[in-house]
Each structure stands twice: as C-alpha cells, then as structure tokens.
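**Student:** Pasting in a structure now, in structure tokens, and then I'll have a few things to ask.
The values are calculated or read from the model by the stated rules, or taken from the named source; none is laboratory data. No experiment lies behind these values; they were computed from the predicted model shown. Note: ideal-geometry Cβ built from the backbone for every residue, glycine included; neighbour counts use all protein chains shown. All accessible areas refer to the heavy atoms of the entire protein, side chains included, with ligands and DNA or RNA removed. Shrake-Rupley method; radii C 1.70, N 1.55, O 1.52, S 1.80 Å.
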Amino acid sequence: MGAPLDVIVYILILGEPKSGWPDTVVVDSGDHKMYEEQSLWLKNAVAYNVDHCLRYNHTLAVINMKGPDFSDKQKRNCETNPRNEQDPNARVNCYRASHRENCTWRKMSWLLEKLLENVAQYLLFVDCDAIIKTRPNHDTVSSMIDVMNSRNDTHMMLANEDWQCLEKKQPLDKCALTTNTGVMLVRNTDWTKQFLTEIVKRQSLRQCPTNEQSCFRNMYNQDYKGAKNHIYISSGLQWNRHGLRPKNDWIDKDEAEIVHFMGAAKPGLQHIAVPSLGLCDYDLCVNVSQCALQASLLRGGLGKVGVVWADDLERPEGQRLHNFKELGSIVSVLKEIKNAEMALLVPEDKIAKHPLTAGEIEKLREHGITKIHYAEWMIPPNASPHLPTSQCHLMYLKLHLLNLAYSTVLFLGKSMKIAEHAVDQVVHLLQCSASGKYLATMNMPHHKLTEATVDKRVHHSPSISGEVLVVKPNDRVMKAAVLLAASLPPTMLRLPHNTSSSDCAASLLHAMFYTSALEDPHLRSENKSILELAGVPQKPRGFQLDHCVWNGRVDLEEPCGTIYNTHHAVIAHHHSKELVTSTWDMYVLVAFVCVSFLQSVCNIG
C-alpha cells in the first residue's frame, strides 16, 4: 500500500433544531420510537464506515451537531397552514419537512466551510445512512479518487440515481439526471469553492426551487462556470447504490462501492453486520468485537448463557461420551463467564435408543456439565419427505437450541476446543448473538485455500457448519423452524449428491436464515408465510463468522493455509485418532480390521 492520500471522509449527523422544536409541536411516543430506531441504524452505519477507514488508513470525522433553526418564513407557513384545522398532524409534518430541508442545505454550507479551512486535498462527504462497502483488498475511497482523477480537470464527483432506470427496466444511457448529494467527493480547489459558494448564495436568496439537489442540478444543467466539464456524474449503481432498490442485492454486486439506505430504506441498516474479512460467503464475516460493542451499548450485560453440547444417544453406554475430560477442560476455560451454564442436550428417555444412565450423568457433573436438556423429538414433526433424515438425528436435535431458556446459546461439537485466555472473545461472541444475530461458520472445503481461491470467493453447499452455532433462543423462531421443516421444497435445499449427517440441519438452517423461505406465502396451503403462521414479527437473519477463527482446524490439512497466519483460532477442532465418533466410524474400523486380518492370513494383495 502506498502513502496515504490527503483525504478526509466526513459523516455529518444533524440532530434536532438548535433552539428546539416550537412550542406548538409535541414530540410524542412515536417520535421517541423513531429516535430509538435511528440509534440502531445509525450505529451500524457509522461502525461500518469506521471499519473501512481504519482498514485502509483514511481519516474519518464523524460530526454530530444540532440542526439549523427554523426561519421566520418556515414558522409562518407551518403555523398558518390551512390544513392545520382538518389534520391534527399537519403542523408537525410541516415542521418535520422544513427541518429535513434545513439539514440537507446545511451539509452544503458545512462542506464549503471545511474547504475554506483547507483541511485536506480531498473531502468525501457521506450521508450518515450510507456505507462504504468493504471488499477484500479493495480500498473504495482511493478507488473513487482514482476515478475522479482519471478525468481531466474534474473537481467534483457525484452519482446519478440511475438505479431507478434499472428498476423501471429502462436503458441506463437514457436516464434523466437525478443526482444525489448524499455522496460527494470534492477536490479542494478554487473552482469547487466558487461552485459551492454559489449554491449557498442561491439558497439564502431563495433562488432555488426546492432542495439542494434540485439546485445542484439546475446549476449543472446551466453549465455554471463550466460545471459539465468540471463535475463527473457517475453511475449510482456503483457509487451511490440504493440499499433496497431495485432489490437488496448490493452484497452480491461487485460494482457496488457505496450503498445508500436513503429515505424509508434506513431500517435496512439495522440488519447489516459490520464486516470483517475472512472465510465467509462474499468474504463478509461478522466483526465480532464491533458487533459486541454495539450490542452492549444498546442492551447492557448478558443474561443467563448456555454453553451446550449434544448427543443423540444412538450408541450404548461405553461407546459414547468418551471425552468427559476434554469437556471438563473447556468448562474450566468458560467458567469465568458470568451466568454461564454448561449443558448437554439429549433426546428424552422414551425416544432415545440408549437413554442416558445415572452413572453418565454423575460423570458429567464431575466435569462441570450441570444441566441436562431433554428433547421431545429428534426429527422435526411432520417433516417434509424432501428433508434428509438418514443419520440426521444429532443434527436436527440441535434445532432445540432455539427453545432453551437462555438469553443466548453457544453450541459446540464434541471435538471442539476453546483456546486458553480467549474468554473475552467468547463473551463478545455471546453479546453479538444476544443482539438477535444467528451466527455460524461456513462449511470448509477439504483442500487448502490459497490467495487465488479466496479471491475467487469459492462457495460451498450447504454453507453452514453445524459444529459451532450461536443463537438467541425464541420459541416463535423454533415454531418457524418446525413449520419450515414440514414445508421445505427440494429446490431450497443446498445439498450435495451424497448427503452426510453434517448436511441435514445445515441445509435447513441455511434455508431458514439465508433465504427468503420464511417469507414465501406459497410454501404453505394457508397462503400465509411461515413468519405469519409462527408469529415472528421480523425475519431472523443469519450472519457468518470467520471459519479460521471460530471453527479452525489443528491437523496438517489446515484449510486456512498461511494467508490467515495473523488469526489465532478461538474455537478449533481437535480430533482424537483414538476416539470412535459414530456408529458408521465403528463399522469402517471393523471392516478395516477384518480386511487387514484376511490379507495377513491369506497373503492377499
């Protein structure tokens, strides 16, 4: 990476009017709710942009200030509005519209002030509801400056809302000019200062018809001081893409560099995760520490936490639960977590092939497993015939994690170990999940990854590993999982041709958290979505953890290779060669011994 550019990225957050709202405007409970929701999307957006600027060594300034006061004319218009008598909300709506107009104009005068202060050679202004997309080894801010500099004598760069033409299926080259000032890159030159000075002047003289965007377009179309030669109007599909229109596909689109959740799209920012590069689909993993910080700011401390293992009890006593001591070593690491309970999830005695014995329960307690959770089924009731069930008991058993009485649950496969001194990182993981995120790692390939294969974004099917799951229990989400298991068509199952036990629940969870299956009204005969039938108000969203950190391998075939040598696995597989892990493994071992015996006796091969 070369020398850092002389650029400052600015995010301007404008609050209530400097002198407050007029006495005639009552801020009701709906407004308070609006401000609470704003804190959610705003924290996500700011954290996202902070992450990008820190990653590529750019200066980011987040300015939080009061909004401008209302002018006498605005007050007069709102107070004498003829609709006030018919509509009790007319006065409030008028002031809100005026406040929004004042804030949009304030960013133009504020940007001019910063240019006049000569704070940097380049200034990138980003609305507080826009995010600079993070991609592997790609500096979006520098790329935008390179694009502007590649055009001769260009002093400003904005984007056109040509995504509207895509939405209407119109040719992009026929799009009308609808520039959006939510993302503006400006070079600190005399020409830029003159142009912005004129915009501010026209607003003060009320020479602009409506907002700052229409004023900007008028000056551009008038070719004020050669504006058409000095301003580059780029494609909004790349440099100011709508977050939800024409559809929420900005993660999939490589060309999308800056994504803007403008207007009514702001709630979409509540459901994005601050990115962290690693082995995840689209290379966007959850940044666990940032996620935990946001969750702790919004929700405070953790409640009761469950760290859970599972056994389907398909094998008899003496052939299962061999790793009591291994579990005990993990418990000794995790016992520092406040309000954490170590538990085992098993089927009820009446459905278990070999019920848990009193001796096993006592051994579990000796090693710190103090709670046994009994599940009433191992295959979801009324499961779809398309859902694989062979060798799937243990995997579907994990669905009961959604129904346990904890604030959040960390599920670990029995071969997983937690690194010493990693308690704080595990707490961050639990805090992140407690905010409502359903966390898992992707299934890893069996080959070692290199820079080339990571850059190609290799995808795997199904994409979720069942060895590390972090969920926030919710009985309605559990009901939705059962309904989905009964309704899922084969087209929504991400299964390889040879289904293994690790694919069963993984494919169901993938459909649940990573597709629109729960929102599809056609999956059920009731013509209602599963979310409606289960009473789930909002679709639960799945987010991926970096496999190399949260589901690593310690064998010689470490797929993470050397490219992630700066990452230390917090949770990792520790396979024991002496441990018979399943009935199938036992059959293979017996067959191998028999063949070896025959070869030695009969001198075969």
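**Student:** Between SER415 and ARG151, what FRET efficiency follows from the Cβ-Cβ distance if R0 is 56 Å, with the result rounded to 0.05? All intermediate terms of the calculation are to be shown ahead of the outcome.
**Tutor:** Details: r = 56 Å, r/R0 = 1.01.
Using R0 = 56 Å, I get an efficiency of 0.50.
**Student:** Could you run the Karplus curve 6.51 cos²θ - 1.76 cosθ + 1.60 with θ = phi - 60° over the range 477-486 and give me ³J(HN,Hα) per residue in whole Hz, x for Gly and Pro?
**Tutor:** So the Karplus estimates, Gly and Pro as x, are 5, 4, 4, 5, 4, 5, 4, 5, 4, 7 Hz.
**Student:** Could you give the dipole magnitude of the range 56-143 about its Cα centre, charging the beta-carbon of Lys and Arg +1 and that of Asp and Glu -1, in debye to the nearest 20?
**Tutor:** 100 debye
**Student:** Rounded to the nearest whole Å², what accessible area per residue is found for the range 87-231 with the 1.4 Å probe?
**Tutor:** Working: 6300 Å² over 145 residues.
I get 43 Å² per residue for this part.
**Student:** When the Kirkwood hydrodynamic radius is evaluated over all pairs of different C-alpha atoms of the range 60-174, what value in angstrom, to one decimal, is obtained?
**Tutor:** 18.3 Å
**Student:** Got a sec? Which residues in the range 98-119 would a label at ARG206 touch, if it sits 7 Å along Cα→Cβ and we count backbone N under 11 Å?
**Tutor:** Output list for this probe position: empty.
**Student:** Pop out the carbon and sulfur fraction of the accessible area of the range 128-190 as a percent, whole number, probe 1.4 Å.
**Tutor:** Details: 1130 of 2560 Å².
In the range 128-190, the share of accessible area belonging to carbon and sulfur is 44 percent.
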